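Here the structure is laid out as structure tokens; the discussion comes afterwards.
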Amino acid sequence: MTDDFESILHMLPPDVAQDIANKTVDRGFLEEGFLSPMSTVLINHLVPNNAEWFALCDRLNRLAQKIVNNAIIDGKRDDPKPISVRLMLKSNQSLQGAVLLSQRGMTAEAETLARTCLEITFWLGYLAKKPEEAAALFMAEEHKSSSERAKMLAKLMEPEAAAHFVKIAAEADAAYAKGPNKIRIKELAERANLADQYVYYRTLCAVSAHPSISSLDRFIKVNEDGLLGFNVGPDEDGIPFALMNTVNAHLWGLGFFAIVNDMDDTEEHLNGIRAERDRLLMAMV
């Protein structure tokens, strides 16, 4: 839908213009999905209708960027603070990605990134509680994962090529032979004193991230008589919930990041965002 097309619509009676616009958008999504130009056009409709949530995300993003940029990076790459900075940078980008997706009504994909923010929050919470222990486990996770991947790749290779991956696995195993074992997400949440948020994490897995009945039901239309068809296009009703989930997950992580990096002066700013979030939550009830 070009600017010229939109200007023509403005010349028509509102009901006629809306009908033409809806049919054009529907056709675009049927033919190209979210790669349709209609996807970007809808931003002008979807964002204003959820203006307060998008404004809160923008405010949170700016604060998060500022806090991370002010972090003092010193020590080794596997020390608690440098690990926390990288975790927060990834969480920031996940927040930004969730906002961009929500602007187009891609709520399942946005909530998948909210789940990433929440997993990062578990690590940041653990780092805030027991920095050295959490950092050691974080690095052990990486080396053990590297070893497992290398061993799987070695099985797929000819002997000569496999030798390279066998060596990688051996080096990783030797480096962390006496290191901590891998940890499940549930236990990680418990170590961060966020056991109650693990339920929240599992919910995001079920309704958005995983290919489950709960997540796939958003793609069908049903009534008492059965299946009517399939939903293709933006989920406008789900936008405030996707943004709420992203804000909650990222905000918790940012609070823990401030603790890890001794940023006591951030609490007032975080409380301001928490208050605005709570106000918007009450308005949704």
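Checking the structure you have, find out if any residue of region 54-77 is over 24 Å from Val260 (Cβ atoms), modelled with pLDDT under 85 and crowded, with 17+ Cβ neighbours inside 10 Å.
There is no residue in region 54-77 that is over 24 Å from Val260 (Cβ atoms), modelled with pLDDT under 85 and crowded, with 17+ Cβ neighbours inside 10 Å.
If you go through region 138-177 one residue at a time, how many are out of contact with any Phe, Trp or Tyr (no Cβ under 8 Å at 6 or more places or on another chain) and in contact (Cβ under 8 Å) with a residue 40 or more places away in the chain?
Qualifying residue count, region 138-177: 1.
Among (1) out of contact with any Ser or Thr (no Cβ under 9 Å at 6 or more places or on another chain); (2) not in a loop (DSSP other than H, G, I, E, B), where does Gln197 come up short?
Result: Gln197 passes all but (1).
Between a first residue in region 15-39 that is farther than 21 Å from Phe219 by Cβ and a second residue that is modelled with pLDDT of 65 or more and assigned to a helix (DSSP H, G or I), which pairs have beta carbons less than 8 Å apart while being 6 or more apart in sequence or on different chains?
Thr24/Met38; Pro37/Gly28
Yes or no: region 169-189 includes at least one residue that is of a type in the set (S, T, N, Q), buried (at least 19 other Cβ atoms within 10 Å of the Cβ) and either under 18 Å from the mean Cα position of the chain (by Cα) or outside any helix (DSSP H, G or I) (or both). If you could, list the steps in order and put the result at the bottom.
Of the residues in region 169-189, the ones of a type in the set (S, T, N, Q) are 181.
Right, trim to buried (at least 19 other Cβ atoms within 10 Å of the Cβ) and you get none.
For region 169-189, residues of a type in the set (S, T, N, Q), buried (at least 19 other Cβ atoms within 10 Å of the Cβ) and either under 18 Å from the mean Cα position of the chain (by Cα) or outside any helix (DSSP H, G or I) (or both): absent.
Residue by residue through region 60-78, note down the ones that are under 20 Å from Asp264 (Cβ atoms), assigned to a loop (DSSP other than H, G, I, E, B) and charged (D, E, K, R).
Across region 60-78, the qualifying residue is only Asp74.
The values are calculated or read from the model by the stated rules, or taken from the named source; none is laboratory data. This is a predicted model, so every value here is computed, not measured. We place every Cβ from the backbone using ideal geometry, glycine too, and count neighbours over all the protein chains shown.
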